[in-house]
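K.L.:
Have a look at this one.
The values are calculated or read from the model by the stated rules, or taken from the named source; none is laboratory data. Given the structure is predicted, the values throughout are model-derived calculations rather than measurements. All Cβ positions, glycine included, derive from the backbone under ideal geometry; neighbour counts span all protein chains shown. Side chains included, ligands, DNA and RNA excluded: accessible areas come from the protein's heavy atoms. Shrake-Rupley method; radii C 1.70, N 1.55, O 1.52, S 1.80 Å.
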Amino acid sequence: MVRVVRREERRPGLAAARVLRRRRAESLRRARLRRRERGLDAIRGVALELPALSAAELCALAVRHRNLRDAKRAALSWGHRPSAVSAESAVPAELARWQVEYLRDVLAPHSLLVEALPPGRSRAEGSRLLTERVFAAIAAAYPVLSRECRRQRAAALAG
């Protein structure tokens, strides 16, 4: 039986097929690497533009965004009752959290760039890179939110 297998493996057709299979595999590897690099370059190069808002405008939009998300959660979650809040009733740390969440939501469409990456480690790396860039953009545009950006960034990258 072993002799038959070895004889068949020496056939020219099988050897040619093996060479062709290796060439195709290498070509696919190179294509996957090119796709990964193009995707990561797109994430590195995309302009993350945030609206220039006054503190009052950002506060109002963040509270509205938070209330809308809470209402959506109530619609989807049995037993959750929405509780609308106002900027005056919020603790400053809560308000900063809502503002960063609102600004992250403004930049959310850029997450489609991660989906263009090959599945696996490439997407994880792209997601990490985009997360870091988003928080850096928010902290640069709104320095008051830097501390909250660091907190949320650490939480996002940890889990």
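K.L.:
Quickly work out the residue 67-to-residue 108 label distance, labels modelled 7 Å from Cα along the C-beta direction, and quote it in nm with one decimal.
P.N.:
So the two model labels end up 1.8 nm from each other.
K.L.:
Here is a follow-up. Could you state the accessible area per residue of the chain in Å², with a 1.4 Å probe and every protein chain left in place?
P.N.:
Solvent-accessible surface per residue comes out at 71 Å².
K.L.:
Just read off the accessible area of residue 33 with the full protein assembly in place, 1.4 Å probe, to the nearest 10 Å².
P.N.:
Residue 33 has an accessible surface of roughly 110 Å² with all protein chains in place.
K.L.:
Further question on the same structure: Accessible area of the chain with a 1.4 Å probe: how many percent of it is carbon plus sulfur?
P.N.:
So the carbon and sulfur contribution to the accessible surface is 56 percent.
K.L.:
Related question: Find me the longest stretch of the chain that has none of the exposed GluC sites (Glu not before Pro), where exposed means in a DSSP loop (not H, G, I, E or B) with at most 15 other Cβ atoms within 10 Å.
P.N.:
With GluC sites (Glu not before Pro) excluded where exposed in loops, the chain gives 89-159 as its longest stretch.
K.L.:
Quick one: dipole size for the chain, taken about the Cα centre, charges +1 on Lys/Arg Cβ and -1 on Asp/Glu Cβ, in debye to the nearest 20.
P.N.:
Here the chain has a charge dipole of around 1880 debye.
K.L.:
Using the Karplus curve 6.51 cos²θ - 1.76 cosθ + 1.60 with θ = phi - 60°, work out ³J(HN,Hα) for each residue of the stretch 80-92 in order, rounded to whole Hz, and write x for Gly and Pro.
P.N.:
7, 9, x, 10, 5, 10, 10, 5, 5, 8, 8, 6, x
K.L.:
Still on this structure: Among the chymotrypsin sites (Phe, Trp or Tyr not before Pro) in the stretch 78-141, which ones are in a DSSP loop with at most 12 other Cβ atoms within 10 Å of the Cβ? Mind listing them?
P.N.:
Qualifying residues, ordered by number: 78.
K.L.:
Further question: Sorted by accessible area (1.4 Å probe), largest first, how do 61, 112, 117 line up?
P.N.:
Working: 61 45, 112 110, 117 0 Å².
Output order, biggest surface exposure first: 112, 61, 117.
K.L.:
How much length would be gained if the chain were fully extended between residue 147 and residue 121, taking 0.36 nm per residue of separation minus their Cα-Cα distance, in nm to one decimal?
P.N.:
The residue 147-residue 121 span can extend by a further 6.5 nm.
K.L.:
How large is ³J(HN,Hα), in whole Hz, for each residue of the stretch 104-111 in order, when computed from phi with the Karplus curve 6.51 cos²θ - 1.76 cosθ + 1.60 and θ = phi - 60°, using x for Gly and Pro?
P.N.:
Per-residue couplings from phi come out as 5, 5, 4, 8, 4, x, 5, 5 Hz.
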